[in-house]
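**Q** Sharing a structure, written as structure tokens. Questions coming.
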Amino acid sequence: MDFNHTDDRRMLADMAGRLVRDQYDIEKRHKMAASDDGFSREMWAQMAELGLIGALFTEEAGGFGGAGFDIAVVFEELGRGLVVEPFLSNLLAGTILAGGNDSQKAVLEGVISGETLLALAHGEPASRYTLSHVGSTAVKSGDGYTLNGSKAVVISGDTADHLVVSARLSGDVEDKEGIALFLVPANADGVHARGYSTVDGYRAAEIALKDVSVSETAMVGDAHDAYANLETSFALGTLAVSAEALGAIEMCIDMTLEYLKTRKQFGVPIGKFQALQHRMADMMTEREQIRSAVINAAGNLDKADRDWNISALKNLVGRSGRMIAEESIQMHGGIAMTWEYAVGHFAKRIIMIDHMFGDVDHHLEQIIKFGRAA
Amino acid sequence: MDLNYTEEENAFLEEVRTFFAEKLPRQLSDKVRSGKRLTREDQEQWHAILNDAGYLNAHWPTEFGGQGWNAIQRDLFDVEANVAGAPRVVPFGVNMLSPVLMAFGSKEQQAHYLPRILDGTDWWCQGYSEPGAGSDLASLKMTAERQGDHYILNGQKTWTTLGQHADWIFCLVRTSKEGKPQEGISFILVDMKTPGVEVRPIILLEGTHEVNEVWFTDVKVPVENLVGEENKGWTYAKYLLVHERSGIAGVGDALASIDHLKHIARDQKKDGKPLADDPFFAARLSEIEIDLAAMRTTNMRVMQAASDGAPPGPQTSMLKIKGTELRQSINDLTRRALGPYAMPFVSEALETGYNEEPIGPDYANPVAVDYFNHRKTSIYGGSNEIQRNIISKMMMGL
Ligand SMILES: Cc1cc2nc3c(=O)[nH]c(=O)nc-3n(C[C@H](O)[C@H](O)[C@H](O)COP(=O)(O)OP(=O)(O)OC[C@H]3O[C@@H](n4cnc5c(N)ncnc54)[C@H](O)[C@@H]3O)c2cc1C
């Protein structure tokens, strides 16, 4: 065992870290988040040039990374800057396209070079966190398919050029069999996206599919593999947002510690109060726990217990992440409740990550199920 | 001990229920229930209805025109108001300043200000905290210097809730630098229209404008606006903090929030079944209900002891801690009940007159912002750490 990153990966982390530190102050971030796109295309191009998108994909897929630790180090840095550029949606949809036909792989190349944007349109108004829930339909018509349905809270769904859409060929709404994935241009007839901001300043969309015609070659991979491909995409996505939460947690703890040292009440820095010291000690302990859970999940992505480790990580991020987000606000007092002071924005991100790919209880339930199956 | 309501209490409950059924405008309760932002006009409308019915100050002593409600009556009214979806009464005038004026104000001040609070002429805000004086309130710096018939005020207050709507502000100011910091503080009433008073908004982390900075530059305030004696303000401020014991636990609010959460949990589906039937969710909700049932009784016990004349004690601090943490845990479970639909947020949808289709279920939009906004409750009104310090000091004999 070795708990050090390779040199390459350390360089990747440094590069991402430097970009965030030097070019991503919180004021600028809020401005980009409030723009029409909800992010900066210039910034995205620069990130592509630095290789931050390519780092998320394997060489076969046209990237130069794609291992769990690559994803983890990049997203941890993104979390430290509350980066609003659409890394997550492109990771989710790009991972699926990597298993597609040549023209689909060519689309992925455009993603890695920063020219093309993707989103994964999978969740639906009634899916909650059930991955197999697909009520949208794909009906064979001529030599293609007609898609109908609605997709909910599609991350970065309003700026994507292409959508990877899940739809059902057969079976009941929660069957794992019978799902297919399609690559659909976002401007195709019958695709309507209603974009909006999320509480933490990111973008998502409700997407309606009304008699959308796609050709046969729009299907990504084999229909039998669609569920497994979604599982892989979600495993990577869960790892990514958890590592992002870790970055945000580090920032919360750094800011809170700094504040404990500088804010004076009753004539002393508030950090002198043991009531606060002990809680800071707990926060720091949990930060290390989460860091270890990220390592467990990233290092076991190719192994049989991938999903156990992913669920363990997400449960811990939901549980301890919430504690750290709430305590960071509480230990600051009123100042943390303001828009102007950054810690609240990091806290919001940590809490909203609990609503992606399953919350704390969803993953607890998964862990219990894995235990029963063993 | 008798946990049954007496005949009078039952009659009171009936009376109160009838009042809410008949007098609470639907358009207000709809707004409250759907988490829309209330305007000053909404608040004024409800305030006037309560005042007409004599409920606005029913908890005041009879010599000041109240009905001297006891603990049980206050609890019943609080619960029924919340369950009916009534707006929360803005507390600064009727619940905070009034008791201080009744206890320490001059006859003239009582005669002048109390009726204006009731009829809604004056809206008040609370000017205690300063940038450097939060938990350590006694370190406040804003000064009031006596010059003939006036005090000249200089300094800054902050976190002033609803200061943007208020006509008047009651302030703690420094009138002396001698002795202990607590010994040089005075309690003074300031008309916000006086030249030199400037209100600047502070935007909260979820984007709402609820609190303000209030700046004072050479603000001339007549000496008649001093409450009680010069340099005794700390005593009055503390009186205010411990006197207003009802409401601190937020029992009615918690009950209404749980009702709302149950409604959401019946509507939300998990694997095709109502979320309410999910054992994980049910376990978390049940724990909250267990805590709340006990807290409701604790609250009534404390209020009853107070109206029987017991001096204020650390129980108030317990209610503050338990009440805020319980309601925060309801907010937390409510956001989780929504699943991914906790994420979208359309700020304009909180305004009246927004007519677009909601994103996701119609109850979703305010849930996450409420969760974040209510983090304030364990910070203000004496932070929960300060409350624990009080309990430690008063109960442990260490
Ligand atoms: C939304 C909102 C509305 C408000 N409305 C009003 C209003 O209308 N009028 C008004 O006057 N004020 C208002 N306040 C101010 C509020 O009362 C203060 O925020 C509160 O007193 C805490 O002070 P502070 O924010 O300066 O935090 P600090 O006092 O700096 O505290 C920072 C942290 O240190 C902890 N701490 C401090 N001392 C100790 C100690 N001895 N032991 C252990 N821990 C300690 C605190 O608990 C907190 O966690 C409001 C605040 C908010 C957030």
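The values are calculated or read from the model by the stated rules, or taken from the named source; none is laboratory data. Note that the coordinates shown come from a computational prediction; the quantities given were computed from them, not determined experimentally. FYI the Cβ positions are ideal-geometry reconstructions off the backbone, even for glycines, and counts take in every protein chain you see. To get the accessible areas, we keep the full protein, side chains included, count just its heavy atoms, and leave off ligands, DNA and RNA. Shrake-Rupley method; radii C 1.70, N 1.55, O 1.52, S 1.80 Å.
**Q** Just name the residue that is nearest to residue A:170 (Cα to Cα) out of those in segment A:92-107 that are surrounded by fewer than 24 Cβ atoms within 10 Å (Cβ to Cβ) and without any contact (Cβ under 8 Å) to a residue 60 or more places away in the chain.
**A** So, considering only residues that are surrounded by fewer than 24 Cβ atoms within 10 Å (Cβ to Cβ) and without any contact (Cβ under 8 Å) to a residue 60 or more places away in the chain, the one nearest to residue A:170 (Cα to Cα) is A:98.
**Q** Given (1) facing chain A (nearest Cβ under 8 Å); (2) open to solvent by 20 Å² or more (accessible area, probe 1.4 Å); (3) over 22 Å from residue B:263 (Cβ atoms), where does residue B:384 come up short, assuming only one miss?
**A** Only one criterion is unmet by residue B:384, namely (2).
**Q** I want to confirm something. Restricting to segment B:154-168 and keeping residues that are without any contact (Cβ under 8 Å) to a residue 60 or more places away in the chain and near the ligand (Cβ under 10 Å from one of its atoms), which single residue is surrounded by the fewest Cβ atoms within 10 Å (Cβ to Cβ)?
**A** Once the filter is applied, the top-ranked residue is B:158.
**Q** In addition: If a residue must be modelled with pLDDT of 95 or more and buried (at least 17 other Cβ atoms within 10 Å of the Cβ), how many such residues does segment A:197-229 contain?
**A** Of the residues in segment A:197-229, 20 are modelled with pLDDT of 95 or more and buried (at least 17 other Cβ atoms within 10 Å of the Cβ).
**Q** What do you reckon, is residue B:160 of a type in the set (Val, Ile, Thr), touching a strand residue (DSSP E or B) at 6+ places or on another chain (Cβ under 9 Å) and within 14 Å of another protein chain (Cβ to nearest Cβ)?
**A** It is true that residue B:160 is of a type in the set (Val, Ile, Thr), touching a strand residue (DSSP E or B) at 6+ places or on another chain (Cβ under 9 Å) and within 14 Å of another protein chain (Cβ to nearest Cβ).
**Q** Scan segment B:42-62 and report the pairs whose first residue is in contact (Cβ under 8 Å) with a residue 12 or more places away in the chain and whose second residue is polar (S, T, N, Q), with Cβ atoms within less than 6 Å and a gap of 6+ or a chain change.
**A** From segment B:42-62, the pairs are B:58/B:67.
**Q** Let me spell it out: the conditions are (1) in contact with a Leu (Cβ under 6 Å, 6 or more places away or on another chain); (2) within 16 Å of the ligand (Cβ to nearest atom); (3) more than 16 Å from residue B:240 (Cβ to Cβ), and residue B:142 meets all of them except one. Which number is the exception?
**A** Going through (1) in contact with a Leu (Cβ under 6 Å, 6 or more places away or on another chain); (2) within 16 Å of the ligand (Cβ to nearest atom); (3) more than 16 Å from residue B:240 (Cβ to Cβ) one by one, residue B:142 breaks only (1).
**Q** Run residue B:82 past the list (1) under 28 Å from residue B:192 (Cα atoms); (2) within 18 Å of the chain's Cα centre (by Cα); (3) polar (S, T, N, Q) and report the number of the one that doesn't hold.
**A** Against the list (1) under 28 Å from residue B:192 (Cα atoms); (2) within 18 Å of the chain's Cα centre (by Cα); (3) polar (S, T, N, Q), residue B:82 comes up short only on (1).
**Q** Would you pick out the residues in segment B:50-69 that are open to solvent by less than 20 Å² (accessible area, probe 1.4 Å) and part of a helix (DSSP H, G or I)?
**A** B:50
**Q** Hey, could you check segment B:334-347 for residues that are at the interface with chain A (Cβ under 7 Å from one of its Cβ atoms) and within 17 Å of residue B:261 (Cβ to Cβ) and say which is nearest to the ligand (Cβ to nearest atom)?
**A** B:342
**Q** Working only within segment B:348-372, note down all residues that are more than 8 Å from chain A (Cβ to nearest Cβ), closer than 23 Å to residue A:344 by Cβ and touching an Asp or Glu at 6+ places or on another chain (Cβ under 8 Å).
**A** Answer for segment B:348-372, where residues must be more than 8 Å from chain A (Cβ to nearest Cβ), closer than 23 Å to residue A:344 by Cβ and touching an Asp or Glu at 6+ places or on another chain (Cβ under 8 Å): just B:349.
**Q** I'd like the residue in segment A:350-374 that is touching a helix residue (DSSP H, G or I) at 6+ places or on another chain (Cβ under 7 Å) and away from every other protein chain (no Cβ under 11 Å) and, out of all such residues, is farthest from residue A:311 (Cα to Cα).
**A** In this case the residue turns out to be A:350.
For every residue, the table says whether it meets (1) more than 22 Å from residue B:336 (Cβ to Cβ); (2) open to solvent by 60 Å² or more (accessible area, probe 1.4 Å).
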| position | (1), (2) |
| --- | --- |
| A:291 | yes, yes |
| A:299 | yes, no |
| A:302 | yes, yes |
| A:310 | no, no |
| A:314 | no, no |
| A:317 | no, no |
| A:325 | no, no |
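**Q** Taking the criterion of being farther than 30 Å from residue B:366 by Cβ, within 14 Å of the ligand (Cβ to nearest atom) and either more than 14 Å from every other protein chain (Cβ to nearest Cβ) or in contact with a Phe, Trp or Tyr (Cβ under 6 Å, 6 or more places away or on another chain) (or both), would at least one residue in segment B:246-262 satisfy it?
**A** no
**Q** Output the residue which, of all residues in segment B:195-218 that are away from chain A (no Cβ under 14 Å) and out of contact with any Gly (no Cβ under 9 Å at 6 or more places or on another chain), is farthest from the ligand (Cβ to nearest atom).
**A** B:195
**Q** Within segment B:348-391, which residues are of a type outside the set (Val, Ile, Thr), more than 10 Å from the ligand (Cβ to nearest atom) and assigned to a helix (DSSP H, G or I)?
**A** Of everything in segment B:348-391, those that are of a type outside the set (Val, Ile, Thr), more than 10 Å from the ligand (Cβ to nearest atom) and assigned to a helix (DSSP H, G or I) turn out to be B:348, B:349, B:350, B:365, B:366, B:368, B:370, B:371, B:372.
**Q** Sticking with this structure for a sec: Would it be correct to say that residue A:16 is farther than 29 Å from residue A:339 by Cα and either among the small types (Gly, Ala, Ser) or in the same structural domain as residue A:87 (by TED's automatic domain parsing) (or both)?
**A** The answer is no for residue A:16.
**Q** Related question: Please go through segment B:351-385 and give me each residue that is small (Gly, Ala, Ser), touching a Ser or Thr at 6+ places or on another chain (Cβ under 8 Å) and free of Cβ contacts under 8 Å to residues at least 60 places away in the same chain, ordered by number.
**A** Hit for segment B:351-385 is B:378, nothing else.
Residues checked against (1) closer than 19 Å to residue A:198 by Cβ; (2) in a helix (DSSP H, G or I):
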position	(1), (2)
A:275	no, yes
A:283	no, yes
A:289	no, yes
A:303	no, no
A:318	yes, yes
A:324	no, yes
A:341	no, no
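**Q** Check residue A:67 against each of (1) open to solvent by less than 80 Å² (accessible area, probe 1.4 Å); (2) over 19 Å from residue A:237 (Cα atoms) and name the one condition it does not meet.
**A** It fails just one condition, (2).
**Q** Can you find even one residue in segment A:170-189 that is under 30 Å from residue A:339 (Cα atoms), of a type in the set (Gly, Ala, Ser), open to solvent by less than 10 Å² (accessible area, probe 1.4 Å) and not assigned by TED's automatic domain parsing to the domain that holds residue A:109?
**A** No - not one qualifying residue is present in segment A:170-189.
**Q** If residue B:343 satisfies all but one of (1) in contact with an Asp or Glu (Cβ under 8 Å, 6 or more places away or on another chain); (2) surrounded by fewer than 22 Cβ atoms within 10 Å (Cβ to Cβ); (3) closer than 24 Å to residue B:377 by Cβ, what's the number of the condition it fails?
**A** With respect to (1) in contact with an Asp or Glu (Cβ under 8 Å, 6 or more places away or on another chain); (2) surrounded by fewer than 22 Cβ atoms within 10 Å (Cβ to Cβ); (3) closer than 24 Å to residue B:377 by Cβ, residue B:343 is out only on (2).
**Q** Do the conditions hold for residue B:237, that is, is it modelled with pLDDT of 95 or more, within 13 Å of the ligand (Cβ to nearest atom) and within 25 Å of the chain's Cα centre (by Cα)?
**A** no
**Q** Next question. With the condition kept exactly as written, say whether any residue in segment A:183-201 is among the β-branched types (Val, Ile, Thr) and under 30 Å from residue A:344 (Cβ atoms).
**A** Within segment A:183-201, one or more residues are among the β-branched types (Val, Ile, Thr) and under 30 Å from residue A:344 (Cβ atoms).
**Q** Looking only at segment A:184-223, count how many residues are within 14 Å of chain B (Cβ to nearest Cβ) and of a type in the set (D, E, K, R).
**A** Number satisfying all stated conditions: 4.
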